[in-house]
Amino acid sequence: MSKICDAIQEKCLTFGDRIIKLNDYLLKEATNAKPTYKVVKGERIYDKPVPVHLQSVTALCNQLLRSGTSIGANNAEATNAISKTDYLAKSFIALKEARESLYWIDLLHRNHYIDDKQYNSIYADCEELVKIFVTRCKKISEELEKKKNK
């Protein structure tokens with residue numbers, strides 16, 4: 001593997017580690033949370049970030065865990081691709097998983113499961129992966145297009 005590929009995979013692994021730790025944290029919070037809440041201006045405001053009686057946090061965590069850890073797995077597959085086309089396909093899948101992760105992170109934040117500081121930090125990390133994969137996919141697509149037009 002090249003140094004660039006190694007660096008990207010390390011970023012994917014580090015992000016995956018953060019997702020696993022966030023998942024563990026949120027599920028632990030759900031176990032310890034009080035099931036009381038109040039409604040303010042149509043929004044639910046919880047005594048703790050994750051009330052026990054709601055199952056939605058488990059579903060959101062599971063979705064984020066799957067998409068967030070899949071980024072690195074697909075990147076690993078891309079680095080062992082059998083062709084440029086295969087490399088591009090796996091890279092696009094990693095990009096799609098990164099964008100899906102942004103969605104789940106947004107939902108966790110919008111529903112007060114993670115605070116602004118947690119959101120900004122993990123969102124920025126995921127957004128960086130999106131940018132990396134967008135750049136990679138564009139570059140490979142252009143290379144394949146040039147090769148095709150020769």
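Given the criteria surrounded by 15 or more Cβ atoms within 10 Å (Cβ to Cβ) and either of a type outside the set (K, R) or more than 21 Å from L22 (Cβ to Cβ) (or both), does S67 qualify? Against the criterion (surrounded by 15 or more Cβ atoms within 10 Å (Cβ to Cβ) and either of a type outside the set (K, R) or more than 21 Å from L22 (Cβ to Cβ) (or both)), S67 qualifies. When the residues of the range 72-97 are filtered to those that are touching a residue at least 12 places away in the same chain (Cβ under 8 Å) and of a type in the set (K, R), the one that is farthest from C12 (Cα to Cα) is K84.
Do we find that E77 is among the acidic types (D, E) and within 12 Å of C126 (Cβ to Cβ) in this structure? Step through it out loud before you land on a result.
Working: among the acidic types (D, E): yes; within 12 Å of C126 (Cβ to Cβ): no.
Against the criterion (among the acidic types (D, E) and within 12 Å of C126 (Cβ to Cβ)), E77 does not qualify.
Taken over the range 74-91, the criterion of being in a helix (DSSP H, G or I) and surrounded by fewer than 18 Cβ atoms within 10 Å (Cβ to Cβ) is satisfied by A76, E77, T79, K84, T85, D86, A89.
Among the criteria (1) more than 17 Å from L108 (Cα to Cα); (2) surrounded by fewer than 17 Cβ atoms within 10 Å (Cβ to Cβ); (3) modelled with pLDDT of 85 or more, the one C12 does not fulfil is (2). For the range 120-130, state whether one or more residues are within 21 Å of the chain's Cα centre (by Cα) and either of a type in the set (S, T, N, Q) or over 19 Å from K11 (Cβ atoms) (or both). Among the residues of the range 120-130, at least one is within 21 Å of the chain's Cα centre (by Cα) and either of a type in the set (S, T, N, Q) or over 19 Å from K11 (Cβ atoms) (or both), which makes the answer yes.
Among the candidates Q63, Q55, which residue alone is at pLDDT below 95 and out of contact with any strand residue (DSSP E or B) (no Cβ under 7 Å at 6 or more places or on another chain)? Give the derivation first.
Numbers: Q63 fails: at pLDDT below 95.
Among Q63, Q55, only Q55 is at pLDDT below 95 and out of contact with any strand residue (DSSP E or B) (no Cβ under 7 Å at 6 or more places or on another chain).
Against the condition farther than 20 Å from Y103 by Cβ, out of contact with any Pro (no Cβ under 6 Å at 6 or more places or on another chain) and modelled with pLDDT of 70 or more, how does T69 come out, does it pass? Before the answer, list the steps.
Values: farther than 20 Å from Y103 by Cβ: no; out of contact with any Pro (no Cβ under 6 Å at 6 or more places or on another chain): yes; modelled with pLDDT of 70 or more: yes.
Criteria not met by T69.
Taken together, the residues in the range 94-113 that are modelled with pLDDT of 95 or more and out of contact with any helix residue (DSSP H, G or I) (no Cβ under 7 Å at 6 or more places or on another chain) amount to 3.
State the number of residues belonging to the range 116-150 that are under 26 Å from N62 (Cβ atoms) and either polar (S, T, N, Q) or at pLDDT below 95 (or both). Summing the residues that are under 26 Å from N62 (Cβ atoms) and either polar (S, T, N, Q) or at pLDDT below 95 (or both) in the range 116-150 gives 3. Pairs meeting the criteria (first residue in the range 98-114 and surrounded by 24 or more Cβ atoms within 10 Å (Cβ to Cβ), second residue of a type in the set (D, E, K, R) and not in a loop (DSSP other than H, G, I, E, B), beta carbons under 6 Å, at least 6 apart or on different chains) are lacking.
The values are calculated or read from the model by the stated rules, or taken from the named source; none is laboratory data. Here the structure is a predicted model, which is why all the values come from computation and not from measurement. Using ideal geometry, Cβ is built from the backbone for each residue, glycine included, and neighbour counts are taken over all protein chains shown.
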